[in-house]
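Following: one structure in structure tokens, then a few remarks.
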């Protein structure tokens, strides 16, 4: 917005504590005065409380119970959590798979997104066309695209994956039956689908950096690499942090590809030898195939805690970097 | 490295033109792997499109063909396909529009479901979020701050945490297997409120105050002043919400049981189950995927500017 904000006495902004209500009268007056305001919040507030806050509390309660959805929940304390952390090998596998997937997909997506943004950031026709191509997977993300990947990674020799492998002199591979390639397949799909999205954010961030900074640096004789390191990266930091955090959170919640790529029968989730089992598919399996709702709620809370901690660490780390500069 | 900055760098430091040209060439060579990546990005789309127009024997040809040799619409509608009970013929399977015979409209019904639900969810969630955002930024009602902080903190919670209680809640309310149960639990979107609040903060309060002095009610200010001002932000959020809803899968998977109420992702998922027993249905699955993906791609090309602006905005404001 180009219009300068006026700081009049009547300025009211939510997050500023000093923006106190102008006139405070008796409660009835206040209600009269702010009645419409509260009424406007009401629809959102009701839905928010009923379908977000209340389920959250209920989910925490269930996580402390043994509950199959039919009999009343039976309180068992932290037993679900001790079971998860100490004895549940499938859960350990799910955590480990998820961590591998998140690390690989986030690092590769962001690296590629950054390279694409630097290479194709201008408004020339070529750059716009290229950006459109790279962004296409982000708009078509969905079940349809996952089916295409399943089709590409067919075990049969006419699958595109196998055709390409044979072209380079390799042997037919049973992609979706080989535990060793499950995570690489998921990462490939994630980078294919996510790099263009990261690129768009980076392009916006890079183009917001004033040209004068680069001109000044060139006059001072700074190389392109130094300019990138000392101008582009530091000024891109807020966007970078945003992309890293949102894509990490998103990656932890992967479900559809795992559920659809390896689907053979209704009750099996997780691919060969659980090599593709991640947290949310495991939650789904426990909750909606086996109806262990208490246990599944505990998994949901562990997911929440992991995401919470990882976000905190990422914020902390990026802050430390800032202090270095 | 971009051509533009390289060129401007050349003029600033008065480099000889040959050096600039050589630098350009190097930058161009460095881009080659990225052009190859562009090809990789496009191939799955191409593979989906050609598979949708191949015949069953051609689908299973080795090596595969890279364009349909005798393009056919069999995957959409195959006149030779065996009906239920007949002996299945190996070379023809029922097309997209011949499946789900127990559902009136078949595949079109799922498309209509998806479209209707996407529109309803997008419109309603944006309306209630914009009301909340207006209340949080442009009125002085006590308690706004705590409400705003609560909404922001909720964004950290993965929505799967509320999955099981919400399933039980909708079933307590007798709303499973209905449009209501599908739509209502997902209407309060914290991210949209957060985004609209950020946007509204950059709009001066003078207009609102002037309208209040003139005696306009809060509702009228919201409808006649705030909503028009919010238009770019609403467009950005509408795209986000609509795209997410078009592809919504886990929630309907859990609460929808009747075929009539399925959305496109669920229909695709049931085709995904079908290809396990009959690989010849892959063409049908690709045809359905094409039909389900095409609208979002067309939508993207129509509103490309809004898409890009919206995403960029979300990254910068957040």
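Worth pointing out:
- Listed by Cβ neighbour count within 10 Å, with the fewest neighbours leading, B:131, B:136 appear as B:131, B:136.
- At 1.002 mPa s and 20 °C, Stokes diffusion of chain B via Kirkwood alpha-carbon radius, µm² per second: 90 µm²/s
- Sites residue B:102 and residue A:268, calculated FRET efficiency, Cβ-Cβ separation with R0 25 Å, nearest 0.05: 0.40
- For B:152-159, mean number of other protein chain Cβ atoms within 10 Å: 5
- Per-residue mean of C-beta atoms belonging to partner chains within 10 Å, peptide B:42-50: 5
- Cα-only Debye scattering, the stretch A:146-261: base-10 log of I(q)/I(0) at q = 0.14, 0.15 Å⁻¹: -0.75, -0.79
- Take each residue in A:273-281, count the other chain C-beta atoms within 10 Å of its C-beta, and the mean is 1.
- Residues A:188, A:278, arranged from fewest to most other Cβ atoms within 10 angstrom of their Cβ, appear as A:188, A:278.
- Shape category assigned to the stretch B:183-269 from the gyration tensor of Cα positions, a/c cut at 1.5: prolate
- Global form of the protein assembly as shown, assessed from the alpha-carbon gyration tensor, a/c cut-off 1.5: oblate
- Judged by the gyration tensor of its Cα atoms, with axes a ≥ b ≥ c, the stretch B:20-116 is oblate; a/c meets the 1.5 cut and b/c is at least as large as a/b.
- Summary value for the stretch A:89-324: 27 percent relative contact order, contacts being C-alpha pairs under 8 angstrom separated by 6+ residues.
- Reduced Cα scattering model of chain A, Debye log10 I(q)/I(0), q = 0.09, 0.12, 0.15 Å⁻¹: -0.72, -1.08, -1.27
- Highest-first arrangement of B:291-299, B:214-222, where packing means the average Cβ count within 10 Å: B:291-299, B:214-222
No value in this document is a laboratory result; all are computed from the given coordinates. Given the structure is predicted, the values throughout are model-derived calculations rather than measurements. Neighbour counts run over all protein chains shown; Cβ positions are idealised from the backbone, glycine included.
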